[in-house]
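Read through the structure below, which is laid out as structure tokens, and then see the notes.
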Amino acid sequence: MRTYSFGTETVPVALAGDLLVGIVHDGKNYRIMLARLDGVEIVETRFLAGENDWEGHSGVKLDDGYLIGGAVEGIATPDGGEGWKAYLAKLDGNLNVLWELKLDVRSNGAVHSILPAGEGIIIADETGRPGNRGFFMGKVSPKGELLWLKDFGSWDDVLFTALLPSGNGLKLIGSVKEGRWEVRAFDFDENGELRWEEALAEGIALTACSWNGELVLAGYRGENFWLRIGERDVELGKGSATSLLPLKNKLLVGGELEGNAVVVEIVEGKEPKVQKLWRNGWVEVLGEGIAAGVTREWKMVITRLSP
């Protein structure tokens, strides 16, 4: 287990192959963290910054480099901030920026999901301000040109969950607040036209994936660590599920449970197995054999997972 701190806050948010994407507060502003890993060791770091605050939120490993997503040139506030531009950048293998795209979507956007799709890149996230919150989805060319952009919805509040392939289209999953929190799925064709939507469950899903042909939602319901696997609900106590790693014979779920950073192993036909990793913190990112997260003091922890 290794602990790292590059400022007053160091938070990992996504793993793209050997590249850990995150957020660092240097005492004045937030910056995007790029940390190349060798196991649990950080062997190289780069930081992206500019006007106001910059945050990293997502990443994908490519054959010739990386795509990273985030929010830039905004002002961080306790309710999510304002003035953010949705950000997508292509990096080469040496972490140099080849191109970048900044999008103004309702004057408050980010990129939490990057999905390479054929001859383009699909991006998605939440947008807007409290009282008029929605979601957006866009398609970007391999050279960083915006091909189309769609935003939709006007709710009291929303939380983006995930963007998943769906047959010959796309499925955006998000949590919507209209009096109470509810997880919904929005199904789109390949051109971003909405085909249908449906309510999936009460609660808040922070992430989602497909595992053994079933949709998995992970987040919290009330104050409890909550999963929905297909039609089956799993609640494990006070806390929240924050990350998923679907494997062939098991599902790993990272998060916080009763104050501890944990990874929960789900195997069909067996009771969930909880592995406690460190106290007073939570897991944000899961990769092959490793987990990364934070402590209550906003320091970053990277640890190996037991088999």
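The values are calculated or read from the model by the stated rules, or taken from the named source; none is laboratory data. Note that the coordinates shown come from a computational prediction; the quantities given were computed from them, not determined experimentally. Using ideal geometry, Cβ is built from the backbone for each residue, glycine included, and neighbour counts are taken over all protein chains shown. Surface accessibility is based on the protein's heavy atoms, side chains included, excluding ligands, DNA and RNA. Shrake-Rupley method; radii C 1.70, N 1.55, O 1.52, S 1.80 Å.
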Could we say that residue 268 is more than 20 Å from residue 20 (Cα to Cα) and in contact (Cβ under 8 Å) with a residue 40 or more places away in the chain here? yes
Inside the range 94-123, the number of residues satisfying the requirement of being open to solvent by 40 Å² or more (accessible area, probe 1.4 Å), within 19 Å of residue 17 (Cα to Cα) and touching a residue at least 12 places away in the same chain (Cβ under 8 Å) is 4
Would you check which residues across the range 75-93 are open to solvent by less than 70 Å² (accessible area, probe 1.4 Å) and of a type in the set (A, V, I, L, M) and list them? 76, 86, 88, 89, 91
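Look through the range 48-65, keep the residues that are in contact (Cβ under 8 Å) with a residue 40 or more places away in the chain and closer than 22 Å to residue 160 by Cα, and return whichever of them is most open to solvent (accessible area, probe 1.4 Å).
Restricting attention to the range 48-65, the residues satisfying the condition of being in contact (Cβ under 8 Å) with a residue 40 or more places away in the chain are 48, 55-62.
With closer than 22 Å to residue 160 by Cα added as a condition, the list becomes 55-61.
Details: 55: 31, 56: 0, 57: 29, 58: 8, 59: 18, 60: 31, 61: 95 Å².
Of everything passing the filter in the range 48-65, 61 is most open to solvent (accessible area, probe 1.4 Å).
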Are any of the residues in the range 100-119 assigned to a loop (DSSP other than H, G, I, E, B) and of a type in the set (Asp, Glu)? yes
A careful count of residues in the range 185-201 that are under 15 Å from residue 124 (Cα atoms), assigned to a strand (DSSP E or B), touching a Gly at 6+ places or on another chain (Cβ under 9 Å) and open to solvent by 10 Å² or more (accessible area, probe 1.4 Å) gives 1
Need pairs with beta-carbon distance below 7 Å; first residue more than 16 Å from residue 36 (Cα to Cα) and within the range 292-303, second open to solvent by less than 10 Å² (accessible area, probe 1.4 Å) and of a type in the set (Ser, Thr, Tyr); sequence gap 6+ or separate chains. 298/10; 299/10
Quick one: would you say residue 242 is in contact (Cβ under 8 Å) with a residue 24 or more places away in the chain, over 29 Å from residue 177 (Cα atoms) and either among the β-branched types (Val, Ile, Thr) or in a strand (DSSP E or B) (or both)? no
Find the strands (runs of 3 or more DSSP E) located wholly in the range 1-89 whose residues include 2 or more that are of a type in the set (Gly, Ala, Ser), and list them. 9-16, 53-62, 65-74
So which residues in the range 168-184 are in a strand (DSSP E or B), more than 16 Å from residue 136 (Cβ to Cβ) and either in contact with a Pro (Cβ under 8 Å, 6 or more places away or on another chain) or not acidic (Asp, Glu) (or both), if there are any at all? 169, 177, 180, 181, 183
